[in-house]
Structures are given as structure tokens and as C-alpha cells.
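Derivation of every value follows stated rules applied to the coordinates shown; laboratory data play no part. Since the structure is predicted, the reported quantities are computational estimates derived from the model, not experimental observations. Because the Cβ atoms are built from the backbone with ideal geometry, glycine has one as well, and the counts that use them run over all protein chains shown.
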Amino acid sequence: MEICTVGAGYVGLTTSALLSDLGHNVHVIDKDISKIEILNKGKSPIHEPGLEELLVKNHQCGRLVFSDDREACILNSPILLIAVGTPSKPNGDSDLTAIKKVFEHIAMNITSYKLIIVKSTVPPGSNEWFHQYLLDQGVDEKMFDIVSNPEFLREGTAVYDSFHPDKVVVGSKSKQARDEVKHLYKSLQAPYIETSLTGAELVKYASNAFLATKISFVNEFARICDGYNVNILDITKAIGLDPRIGPHFLQSGLGYGGSCFPKDLDAITYAAHKKRIKTSLLDAVKKVNHQQVDIYVNKLAETLNGFKGKQITVWGLSFKPNTDDIRDSRAIMLCERLIEKGCTVIAYDPKATSHNNHIKEKKDLYTAVHQSDALIVATEWDEFNQADWHKVNGLMKGNIVVDGRNSLDQEAVRASGLRYLGVARP
Ligand SMILES: NC(=O)c1ccc[n+]([C@@H]2O[C@H](COP(=O)([O-])OP(=O)(O)OC[C@H]3O[C@@H](n4cnc5c(N)ncnc54)[C@H](O)[C@@H]3O)[C@@H](O)[C@H]2O)c1
């Protein structure tokens, strides 16, 4: 099938790599021409394990094309897959400027039938609105179908997730359009959930809201464990064995961040409030998450007897390991809090950079800890767990290691003479 992907970001590139690998011909376009140039040089503009190899492989065999001719690609492709960003507005609503521009472009240039697949996460009712918008612009209803096909990949494991989805969700007014999308993904072994346009949009929000709820639940429980000197890992291990709860997403730490959870929680609560529906549970989930970084900054301040003149090292800047994405990263928020409180902040991340001049970034683990009063692990990159703790202890001025992700081997840290502070890990 001939597809044009609009948006060469985390979702657009990974989905294009997948679809071309499944045998389809995919043209990728982006308004950011520098991304297209990088792609045409055989590089990926983002760090995602396995993605660059897959892009190069399919580009070389001609099934994957990175084009700077946006007009022609949109005009000529019978299938448009939209994966542009939908960031938050200051009031929590989604900013749909980018996706509306794509629909404006379609309305102005459409000359043949288009199957429009919306991968971007959009608030409930948006795809119904896009459908009506095209009709209002005079586009004949036989000239297009819209399919809401939300994406569930996780950055850091995006390629694996795309090839092994736990479900494919499609919402559309047209059965034929839903069938065509089914055909597109037919080599994937995944349950196929058919619903309405708005139903598909809400599956995405329900999924992220539920996962965020699990994280805030565990983080609140970690506070209770802390109060009673109990190890949260004993609790999560035990409750995770209950099949009704399951072991995943029960890690306590600095809270959730990234380009999806915070924005999607804001968008769905905003959408609920528009319908005068109260969101007491989701409001609490956001509140717990918002407090999490400050709780551990305050704990560290107590341990260090204040932050005046202190140098703190932060390992990890990306919002999670195996990605260079820093959008809404708790690690960056942590660095900013420490700077506000007068600390000098030195950071190291294997792939991400902060783009903040006040954060002094170093090229490796050990140079970053030199003469620091404390070290905080803010993102659970594997590399951090392999650290030579004796070397770290020798380089630091102080001896405190805060494991903000409960990801370190605390015995190994302690054996080096360092003082280990985890999240509810006495
Ligand atoms: N990143 C994730 O893990 C993830 C997972 C599931 C769903 N989503 C959703 O998928 C969507 C895309 O997310 P992302 O992380 O890939 O975003 P991204 O910011 O990495 O990529 C979006 C791309 O779209 C391009 N773009 C914007 N307007 C354009 C236009 N008019 N024409 C062509 N290109 C345009 C941008 O330049 C950018 O490269 C969002 O709605 C997001 O919520 C993201």
C-alpha cells in the first residue's frame, strides 16, 4: 500500500519503519526540513534503539522515502498517516494547531480519495470535528474516511512495541476504512479493537490515565512506607503477584514525566471539565506526581543541612532510559529545583542534553561526580547500575547517593562506603 506519513517524530518514524518493513511503500514528510536531511544521510534524528538500522534498511531497498516535497506527497498518496505533535496549551487543553494545519492542507488540495489515519493523540471529539471540517470546506464525503488509530508505543522500546503491539485500536464511521487499516497491519499478531472515532481516542487516554494512576498510587504508598520504615519493594513485589494487580508499573520514584502522561492527563481532565464532569481521581494522580520531586529535594536538603554552596550531581536527564527525549522530564525538573535552591548542578546522561545553560553537563559518569556533595540518580539507565561505586566514592566530596528510581543495587552502593537513600528503601 502507498502511504504518506506526516510528521517524522518518535511515532511517525517508528510507524513508518514498521509499515515499510511490512512491505508497504512509505513516504515520510516533516515541516522540519533538517529532519528530512538527516534521514536522507542515513541517520535518525532521534535516539531510539534499533530505529536507525530499520530506517536505513528500508530506505536502501526503496520502500521508505524521506521527502521534502510535502505538497506532492499529500496530493499523491491514497493513505495519509498523521503523526504530528499535540502538545499541551497552558490551560491543559491540547494544542491542535499542527494537526489542523494538515487538515487545512488536505481540504485545499484533495483531488482523489484519501484514507486519513490519525495516529496523533487528540482529545475526545477531535476526529469528529476534523470530519465535519472537511465537509464544511466542501470536500465530498465519498472523497475521504478518517480512522482514529492511536499509538501505544513506549519510547525506549518503540521499535519492539510497534512490531509486538498488545492491540491495534481503530475507530471510524466506515467499516471499509477500518478493514483497510486492518489490512495494513495484517502481519501483526494483535487483537484488533474496532470502535467509534471518539471511542478510539478515549482508549488512548484511558490507557495513559490508568498507568499514571498506578505510578501515583505506588508513590503515595511509598510515602506511607517511608513513615513506617518499610521497604516499598516488599510491598510492590507482594501485590504484583496478585493477577488482578500485576507486577508492571509499580515502581516508586520521582514520578512520571515524558511527552505523553502529563499532557494526556491534562487533556483528558480538561475534556471532562468541558462536559462538567469532575475528575477527583485524576486530579489526585496529578497532584501526587507534582509533589514527588519536591519531596525528595526536601529530604536531600535535610540530609545535607541545607543546599547553600552545595554541588549536586544528577545522573540522567531523559524522562526515561534508552531515549534522548527530555520533554516534561522529572530529571530536568529536579535539576531546575536544585538550581532554584542555590545548588550547583552537574549532570550526565548517556544520550540526552538539557538545553539549559545552568546545568553543567559532563561527558561521563565519573567526571560528573567530581567534588560533589551528593549524587542523585534521576533516570534508570542501565549504565548507572554498572558504576564502580568505590571510584565514585573516591571522587565525591560528600557521600550521599539518592536513588530517585529505586534502580540501583543498594548493597553495592553501601559496600563502597557511600550512604544510600532510596525511595522508601530503608
Ligand atoms: N512519543 C510517544 O511516546 C508517543 C506515544 C503514543 C502517542 N504519541 C502521540 O503521537 C503524536 C506525535 O508524538 P511524537 O512524540 O512523535 O511527536 P514529535 O514531536 O516527536 O514529532 C512530531 C513531528 O511532526 C512534525 N510536524 C508538525 N507539524 C507538521 C506539519 N504540518 N507537517 C509536517 N510535519 C509536521 C514536527 O516537526 C515533528 O517532527 C502526539 O500526538 C503524541 O501525543 C506519542
Stretched out fully, how many nm does the piece from ASN91 to SER196 gain, at 0.36 nm a residue minus the Cα gap?
35.1 nm
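What fraction of the DSSP beta bridges in the chain is antiparallel, stated in percent and rounded to the nearest 5? All intermediate terms of the calculation are to be shown ahead of the outcome.
On the way: 3 of 48 bridges.
About 5 percent, rounded to the nearest 5.
Anything over 28 Å Cα to Cα? Flag those among LYS214/LYS341; LYS214/LYS308; LYS320/LYS341; LYS119/LYS142; LYS101/LYS278; LYS114/LYS182, in the order listed.
Values: LYS214/LYS341 30 Å; LYS214/LYS308 36 Å; LYS320/LYS341 24 Å; LYS119/LYS142 22 Å; LYS101/LYS278 32 Å; LYS114/LYS182 16 Å.
Pairs exceeding 28 Å: LYS214/LYS341; LYS214/LYS308; LYS101/LYS278.
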For the pair GLU340 and ASN357, the simple spin-label estimate (label points 7 Å beyond Cα toward Cβ) gives in nm 2.1 nm
So for R0 = 45 Å, FRET eff. of LEU241-MET1 from the Cβ-Cβ r, to 0.05, ends up at 0.55
From the backbone phi of segment 190-198, what are the Karplus-calculated ³J(HN,Hα) couplings (6.51 cos²θ - 1.76 cosθ + 1.60, θ = phi - 60°) in whole Hz, Gly and Pro given as x?
8, x, 10, 9, 9, 8, 7, 4, 6
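Taking the Cα centre of segment 196-426 as origin and charging only Cβ (+1 Lys, Arg; -1 Asp, Glu), how large is the dipole, in debye to the nearest 20?
The calculated dipole for segment 196-426 is roughly 600 debye.
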What residues qualify as long-range amide H neighbours of ALA347, i.e. H under 5 Å apart, gap of 5 or more or another chain, H built at 1.01 Å from N?
VAL314, LYS360, GLU361, LYS362
If you find the alpha carbon centre of segment 233-277 and of segment 172-210, how far apart are they in angstrom?
22 Å
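Once you list every other residue whose beta carbon is under 10 Å from the beta carbon of ARG425, what net charge do they have if Lys and Arg are +1 and Asp and Glu are -1? Before the final figure, lay out each step's value.
Working: positive: none; negative: ASP226, ASP234, ASP403.
Once positives and negatives cancel, what remains is -3.
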Sticking with the crude label model, points 7 Å out along Cα→Cβ, report the distance from ARG414 to HIS183 in nm, one decimal please.
6.2 nm
List, in order, the whole-Hz ³J(HN,Hα) value for each residue of segment 60-69 obtained from phi through the Karplus relation with A = 6.51, B = -1.76, C = 1.60 and θ = phi - 60°; use x for Gly and Pro.
5, 8, x, 7, 10, 10, 9, 10, 9, 9
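Given an 8 Å cut-off on Cα distances and at least 6 residues of separation, report the relative contact order of segment 271-367 as a percent. Walk me through the numbers on the way to the answer.
On the way: 121 pairs, mean separation 23.7, N = 97.
Computed value for segment 271-367: 24 percent relative contact order.
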Ranked list, fewest to most other Cβ atoms within 10 Å of each Cβ, for LEU22, LEU80, LEU254:
LEU22, LEU80, LEU254
Describe numerically, in nm with one decimal, the distance between label points set 7 Å from Cα along Cα→Cβ at TRP129 and at ASP32.
2.4 nm
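Determine, for GLU361, GLU104, GLU194, the number of other Cβ atoms within 10 Å of each Cβ, and report the residues in order from fewest to most. Could the numbers behind the result be given before it?
Values: GLU361 19, GLU104 13, GLU194 16.
Lowest to highest Cβ neighbour count: GLU104, GLU194, GLU361.
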Counting sequence-distant residues (5 or more places) and residues on other chains, those with an amide H built under 5 Å from that of VAL65 are VAL26, HIS27, VAL28
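Just want the ordering: CYS73, CYS343, CYS61, CYS260, from fewest to most Cβ atoms lying within 10 Å of their own Cβ. Can you show the working numbers first?
On the way: CYS73 19, CYS343 24, CYS61 10, CYS260 27.
Fewest to most other Cβ atoms nearby, the residues stand as CYS61, CYS73, CYS343, CYS260.
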Here the residues of segment 219-261 lying in the modelled label zone of ALA301, meaning backbone nitrogen under 19 Å from a point 7 Å along Cα-to-Cβ, are 254-255
Restrict the search to segment 319-381; then list the trypsin sites (Lys or Arg not before Pro) that DSSP places in a loop and that have at most 12 other Cβ atoms within 10 Å of their Cβ.
LYS363
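Quote to one decimal, in nm, the extra length available between ASP136 and LYS100 on full extension: 0.36 nm per residue of separation minus the C-alpha distance between them. Before the final figure, lay out each step's value.
Values: separation 36, 0.36 × 36 = 12.96 nm, distance 1.38 nm.
Between ASP136 and LYS100, full extension yields an extra 11.6 nm.
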The answer for SER329, listing residues at least 5 apart or on another chain whose modeled amide H is closer than 5 Å to its amide H, is GLY258
Under 15 Å, Cβ to Cβ, from LEU317 - net charge with Lys/Arg +1 and Asp/Glu -1:
-1
Karplus couplings for segment 272-279 from phi (6.51 cos²θ - 1.76 cosθ + 1.60, θ = phi - 60°), rounded to Hz, Gly and Pro as x?
5, 4, 4, 9, 6, 9, 7, 10
Zone of LYS274's modelled label, taken as backbone nitrogen in segment 165-190 under 19 Å from a point 7 Å along Cα→Cβ
171-173
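In terms of the Cα gyration tensor, with a ≥ b ≥ c the square roots of its eigenvalues, is segment 2-195 rounded because a/c is under 1.5, prolate because a/b exceeds b/c, or oblate?
rounded
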